[in-house]
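Here the structure comes first, spelled out in structure tokens, and everything after it is commentary.
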Amino acid sequence: MIKAILTGITAYISTSIDYLIILMVIFGSTKSNQKWLVYVGDILGTSVLVITSLIMAFVLGFVPEDWMLGLLGLIPIIMGIKLLLFGESDDDDVVENGMKKRSSVVLNVALITIATCGADNIGIYVPIFVQSKFSSLIVILITFFFMLTLFCYIGYLLVRIPKVADILEKWGRYITSIVYIGIGVFILIESGTFTHIF
């Protein structure tokens with residue numbers, strides 16, 4: 001159970017550390033009486049990504065050999081290397097323009113979450129979900145919910161501390177890259193892919 005919790009925490013942090021900056025932009029451009037709607041929108045958007053990942057993991061679960069599924073660990077490794085070498089596009093303009101165009105805060109935040117986090121989250125979640133037993137998967141999903149709540153609250157608080165945003169802006173890419181690569185290597189080892197190939 002502790003392993004599943006740690007997996008959930010690591011996976012969520014690795015895919016969401018850059019998203020903290022986006023959350024700050026969203027909270028900064030939302031009226032004070034609508035801040036709670038950001039949380040609801042984040043839950044909705046993340047739920048779409050998690051359900052998509054679960055469906056993909058279920059389909060991939062029919063692959064007969066565990067070591068073959070372990071090859072999915074290459075996805076986060078490639079994502080980590082790409083992020084390390086090339087960085088990622090700045091989503092602040094997308095967020096600010098999106099907040100101006102749509103009146104529904106919940107739908108707006110959900111769409112921003114899906115658009116800015118979609119590929120990363122699915123790329124990390126699917127390999128983890130494929131390797132997890134049902135009981136571990138439930139623990140991971142509950143951990144995701146608590147981490148989402150925590151990150152949303154931290155994003156709300158960080159709006160008041162601009163220096164923290166600068167640190168995340170500067171170092172978030174490197175932290176995320178290292179964690180992505182670590183998750184990928186862990187999946188390759190855990191599934192026996194390294195042992196099978198070498």
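The values are calculated or read from the model by the stated rules, or taken from the named source; none is laboratory data. As the structure is a computational prediction, the values presented were derived from the model and not from experiment. All Cβ positions, glycine included, derive from the backbone under ideal geometry; neighbour counts span all protein chains shown.
Please indicate, with yes or no, whether at least one residue in segment 118-131 is modelled with pLDDT of 80 or more, among the aromatic types (Phe, Trp, Tyr), more than 16 Å from the chain's Cα centre (by Cα) and not in a loop (DSSP other than H, G, I, E, B).
Taking segment 118-131 first, the residues modelled with pLDDT of 80 or more are 121-131.
When the remaining residues are screened for being among the aromatic types (Phe, Trp, Tyr), the result is 125, 129.
If we keep only those that are more than 16 Å from the chain's Cα centre (by Cα) too, we end up with none.
So far as segment 118-131 goes, no, none of its residues is modelled with pLDDT of 80 or more, among the aromatic types (Phe, Trp, Tyr), more than 16 Å from the chain's Cα centre (by Cα) and not in a loop (DSSP other than H, G, I, E, B).
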(Q) Looking only at segment 28-86, count every residue that is more than 19 Å from TYR12 (Cα to Cα) and of a type in the set (Gly, Ala, Ser) and tell me the total. (A) 5
Q. Only one of ALA57, ALA110, ALA115 is within 18 Å of LEU20 (Cα to Cα) and at pLDDT 80 or above; which?
A. ALA110
Q. Out of (1) at pLDDT below 80; (2) closer than 20 Å to PHE58 by Cβ; (3) surrounded by fewer than 19 Cβ atoms within 10 Å (Cβ to Cβ), the odd one out for SER191 is which?
A. (3)
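Counting just the residues of segment 1-13 that are hydroxyl-bearing (Ser, Thr, Tyr) and under 11 Å from MET147 (Cβ atoms), which one comes out surrounded by the fewest Cβ atoms within 10 Å (Cβ to Cβ)?
Here is the first cut: in segment 1-13, the ones hydroxyl-bearing (Ser, Thr, Tyr) are 7, 10, 12.
Imposing the further condition that a residue be under 11 Å from MET147 (Cβ atoms) reduces the set to 10, 12.
Details: THR10: 18, TYR12: 24.
Once the filter is applied, the top-ranked residue is THR10.
Please verify whether segment 148-164 includes one or more residues that are under 25 Å from LEU74 (Cα atoms), hydroxyl-bearing (Ser, Thr, Tyr) and part of a helix (DSSP H, G or I). Full working, then the answer.
Of segment 148-164, the ones under 25 Å from LEU74 (Cα atoms) are none.
No.
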Q) Which condition number in (1) farther than 25 Å from LEU37 by Cβ; (2) modelled with pLDDT of 75 or more; (3) surrounded by fewer than 20 Cβ atoms within 10 Å (Cβ to Cβ) is the one that MET79 fails? A) (3)
Q: Test GLY61 against the stated conditions and say whether it is touching a residue at least 24 places away in the same chain (Cβ under 8 Å) and surrounded by fewer than 14 Cβ atoms within 10 Å (Cβ to Cβ).
A: yes
